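The block underneath contains the structure these notes are about, expressed in structure tokens.
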Protein chains: 2
Amino acid sequence: MSEYTSRDASGASVGIVEKKYYSFARKPTEALVLESGTRLGPVTVAYETYGELSPNKDNAVLVLHALTGDCHAAGYYSKADAKPGWWENMVGPGKGIDTDRYFVICSSILGSCGGTTGPCSTNPATGKPYGLDFPVVTVGDMVEVQKKLMDHLGIERLLGVVGGSLGGMQALEWSLRYPDRVAGVIALATTLRHSALAIAFNEISRQAIMADPNWRDGHYYDGEKPNTGLAVARMIGHVTYLSDAAMRRKFGRRLQSKGDFSFQFDDIDFQVESYLLHQGTKFVERFDANSFLYVTKAADYFDLEQRGEANSAVKAFSRAKASFLVVSFTSDWLYPTYQSRELVRALKKNRLDVSFCEIKADSGHDAFLVPNKRLSRLIANFLEKVQSENDS
Amino acid sequence: MSEYTSRDASGASVGIVEKKYYSFARKPTEALVLESGTRLGPVTVAYETYGELSPNKDNAVLVLHALTGDCHAAGYYSKADAKPGWWENMVGPGKGIDTDRYFVICSSILGSCGGTTGPCSTNPATGKPYGLDFPVVTVGDMVEVQKKLMDHLGIERLLGVVGGSLGGMQALEWSLRYPDRVAGVIALATTLRHSALAIAFNEISRQAIMADPNWRDGHYYDGEKPNTGLAVARMIGHVTYLSDAAMRRKFGRRLQSKGDFSFQFDDIDFQVESYLLHQGTKFVERFDANSFLYVTKAADYFDLEQRGEANSAVKAFSRAKASFLVVSFTSDWLYPTYQSRELVRALKKNRLDVSFCEIKADSGHDAFLVPNKRLSRLIANFLEKVQSENDS
């Protein structure tokens, strides 16, 4: 138990954690060959671990983060650190992903800006940041980097891979690329193929970034950043992560000031406007605009159906061996329940072990990140089941 | 019957039409006093009429357009004109709003750019376009301008007011501001108060416009226009007007070129991206960025509940006298059916004559604009009923 316990109402914290790095593909001959055919190297992956790896290395759970997350899933970097990792409510002693039982790993995804190689990393060919010379990467490429990290950590078989949204896509990808190296797959608020609606919002966000004159074709690292474009992109994202019901509850039509409407455009009228502007401003401090282009593109390219013969998700999952837990949320309109049901059907047709649950929640797509006892219990029970099957 | 009949599969056209103008408030003493308290004048209103006004002027139907529409609801401006008015499928001889029976009027709303006074009109104080010196207007202000036009046309009592979305808000506003001057109100795909979700999308659109360096605080009329910002705003709008189902049907994950992914950011991968970019590019040719700010703000300010005592929609409608037809569409997530039901409840509690119908349609909010036999029939029957009650 750490002194941080009191900060998190849902239980104890893993306490002070440290960001670690692993680099590979240092020699051109060892370069990572991406799905696009491009060769990339060297590659550094930033990661954190919580809990202890068992002597026979069979208690490892890989947490996969979503679009703008990073490897800091739980704990604090220092005693003065005010904010814990992004999944503090789920990862920790006695929590849904129990660090007293499991060795939990989380790494920043390829192409993002959380310490793993991405467009803001130095391009060895020029000595300057890659910018748009960084190759377009896929969810599969992200998984390849994670697999290299597992090799490095000596983990032959993961007890579980777990993620929501883009993290869920990585979890599914793991089950197809490395069927022998993962026992349990937890896919939350996700899909087996990115929909036209989701692509549309991502494309508009990218257009907003690329319309910012400071973007300069992605080569902005030595000057002003395309912060206004990135803020608009984030605001779009935020609305798609919420729901009509959540927004009614959180904001309704409440005004920012107590008086009447401003009848102006440079004043804020509604609290929901103030919230969005704040989210946009906060986000540009921690996220790279080019990375936003890369991670959204990876999500848009995601399509497991296409992977099977004759465009069949059923065929695609014929090589999977893991047990699956699939969870959707009633008010998630970005990855609605029918998309999880399609996934479940494809898994069941392959006679795979699959549990499915649609959780009633009004917080939209964000629901998988929000403290939810039912979700924590589902994940805890599933991991326990997979572990006991593993042992037997 | 005109030669344009063949162009519109749903029936005959009103044929060649002409945009007309009416100006008022030419003297400072006659200025229009807006809801904000600001005085505005002179005001010009652009309008079109179809069909013939009956000798006792009791067959007039006022069509109210949505956010980016204008007074050109039906017909063509010339024989060479390739595109008819925006509601050609509904307004014409033998159609839902039958120009053989009714005298149909449609005017461009205040603050927009369809010929009625707005931010791109000349500010008499400076001799230059108003830009952001144009006062913020409300749905109520739009109705006041329409009422002036009705006075000018000598129409004491409208047989019907009909509109969808922002047009529906104007229709409801008519029933409260001028209960004795409207017999029937048709409110399609609308709401009695703009929701946090709808405000959020509007605010993001405005931010995208104001982030464009060409916007220059709204004073761009002598230079480059903020077209990239306006295009992003339009793309956001377009997605909110469609639905997940419509986008699956229209685009799915179909690629723009037959090959594989581009693995680039300057190429278009998906057809849905191409569609959105096309919509954005087309829109900036016909719409003014400042007007987009004004019309979205008017929608955001709309709240009939606030109008009643103790924030009650029921109280607000206590002064209404018209008959109502309220229509919602199953896949409209911008103004979902529950919002129409709230409206219907408030009307019924006032023992008003109200018909309500939720139409099954997968085309989202846009459904009210798409040819739909059931909608045409509902509107035709309602107008006929109101007319017969009027006569008796």
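Each value in this text was obtained by applying a stated rule to the coordinates, not by laboratory testing. Being a predicted model, the structure only gives us computed values, none of them experimental. Cβ: placed from backbone, ideal geometry, glycine included. Neighbour counts: every protein chain shown.
Just list whichever of B:Lys250/B:Lys373; A:Lys19/A:Lys83; A:Lys250/A:Lys373; A:Lys282/B:Lys225 have alpha carbons separated by over 19 Å in the model shown.
Pairs exceeding the cut-off: B:Lys250/B:Lys373; A:Lys250/A:Lys373; A:Lys282/B:Lys225.
Give me a comma-separated list of calculated 3J(HN,Hα) values for the stretch B:224-234, in order, Karplus coefficients 6.51, -1.76, 1.60 applied at θ = phi - 60°, integers in Hz, x for any Gly or Pro.
With coefficients 6.51, -1.76 and 1.60, one gets 5, 8, x, 6, 5, x, 5, 5, 4, 4, 5 Hz.
May I ask for the net charge around B:Val327, where only other residues with Cβ less than 13 Å from the Cβ of B:Val327 are counted and Lys, Arg are +1 while Asp, Glu are -1?
+2
Which whole-angstrom value gives the distance between the alpha carbon centres of the stretch A:28-81 and the stretch B:110-160?
Taking the Cα centre of each part, the stretch A:28-81 and the stretch B:110-160 sit 59 Å apart.
Which one of A:Asn227, A:Phe287, A:Gly252 is farthest out on the positive end of the charge dipole of the stretch A:202-295, using unit charges on Cβ (Lys, Arg +1; Asp, Glu -1) and the Cα centre as origin?
A:Gly252
At a Förster distance of 25 Å, what's the computed FRET efficiency of A:Lys321 paired with A:Val33, Cβ-Cβ distance as r, to 0.05?
Step by step, r from the Cβ atoms, then E = 0.50.
Per-residue ellipticity at 222 nm for the protein assembly as shown, helices alone: DSSP H runs ≥ 4 residues times -39500 (n - 2.57), over residue total, nearest 500 deg cm²/dmol?
-10500 deg cm²/dmol
Taking Cα atoms of the protein assembly as shown, Rg/Rh with Kirkwood Rh, to two decimals?
We get a ratio of 1.02 for the protein assembly as shown.
What is the local net charge at B:Pro226, summed over the other residues whose Cβ is closer than 9 Å to its Cβ (Lys, Arg +1; Asp, Glu -1)?
Net of charged neighbours comes to 0.
Quick check: net charge around A:His72, other residues with Cβ under 12 Å of its Cβ, Lys/Arg +1 and Asp/Glu -1?
Its environment carries a net charge of -1.
Relative to the Cα centre, what is the charge dipole magnitude of the stretch A:202-295, using +1 at the beta carbon of each Lys and Arg, -1 at the beta carbon of each Asp and Glu, and rounding to the nearest 20 debye?
Dipole about the Cα centre, nearest 20: 540 debye.
Distance from a point 7 Å along Cα→Cβ of A:Ala125 to each backbone N in the stretch A:18-40: keep the residues under 20 Å and list them by number.
Those under the cut-off are A:24-40.
If I model a spin label as a point 7 Å beyond the Cα along the Cα-Cβ vector, how far apart are those points for B:Ser78 and A:Cys357 in nm?
6.7 nm
Quick one: what are the phi-derived ³J(HN,Hα) couplings along the stretch A:132-137, Karplus 6.51/-1.76/1.60 with θ = phi - 60°, whole Hz, x for glycine and proline?
Coupling constants for the stretch A:132-137: 6, 6, 5, x, 5, 10 Hz.
Report the residues of the stretch B:311-337 in range of a label on B:Asp180: point 7 Å along Cα→C-beta, backbone N strictly under 16 Å from it.
Counting only backbone N, you get B:319-322.
Obtain the nm distance between the two label points defined at B:Asp100 and A:Tyr338 by a simple spin-label model: each point lies 7 Å from its Cα along the Cα-to-C-beta direction.
About 3.9 nm separates the two model spin labels.
Quick check on the exposure proxy: order B:Met210, B:Met169, A:Met235 from fewest to most C-beta atoms within 10 angstrom.
Placing the least packed residue first, the sequence is B:Met210, A:Met235, B:Met169.
Taking a ≥ b ≥ c as the square roots of the eigenvalues of the Cα gyration tensor of the stretch B:202-295, is the shape rounded (a/c under 1.5), prolate (a/b larger than b/c) or oblate?
prolate
Of the options A:Leu159, A:His65, A:Asn202, report the single residue whose Cα projects farthest towards the positive end of the charge dipole of the protein assembly as shown (beta-carbon charges: Lys, Arg +1; Asp, Glu -1).
Checking the options against the dipole of the protein assembly as shown, the answer is A:Leu159.
With +1 on each Lys and Arg Cβ and -1 on each Asp and Glu Cβ, and nothing else charged, work out how big the dipole of chain B is about its Cα centre, in Debye to the nearest 20.
Once rounded to the nearest 20, the dipole reads 720 debye.
If I model a spin label as a point 7 Å beyond the Cα along the Cα-Cβ vector, how far apart are those points for A:His152 and B:Ala245 in nm?
4.8 nm
With the label 7 angstrom out along Cα to Cβ, how close does A:Arg248 come to the same site in each of the other copies, in nm, nearest first?
Values, ascending and in nm: 2.4.
Placing a label point 7 Å from Cα toward Cβ, how far apart in nm is A:Ala80 from its equivalents in the other copies, listed shortest first to one decimal?
Listed shortest first, these distances are 7.3 nm.
Given a 10 angstrom Cα cut-off, can you work out which residue in B:Lys250, B:Lys19, B:Lys27 is the most mobile in a GNM of chain B?
Looking only at B:Lys250, B:Lys19, B:Lys27, the biggest GNM fluctuation is shown by B:Lys27.
Could you give, in nm with one decimal, how far B:Val370 is from each other copy of that position, shortest first, with labels 7 Å out from Cα toward Cβ?
Spacings between copies for this position, smallest first, are 3.0 nm.
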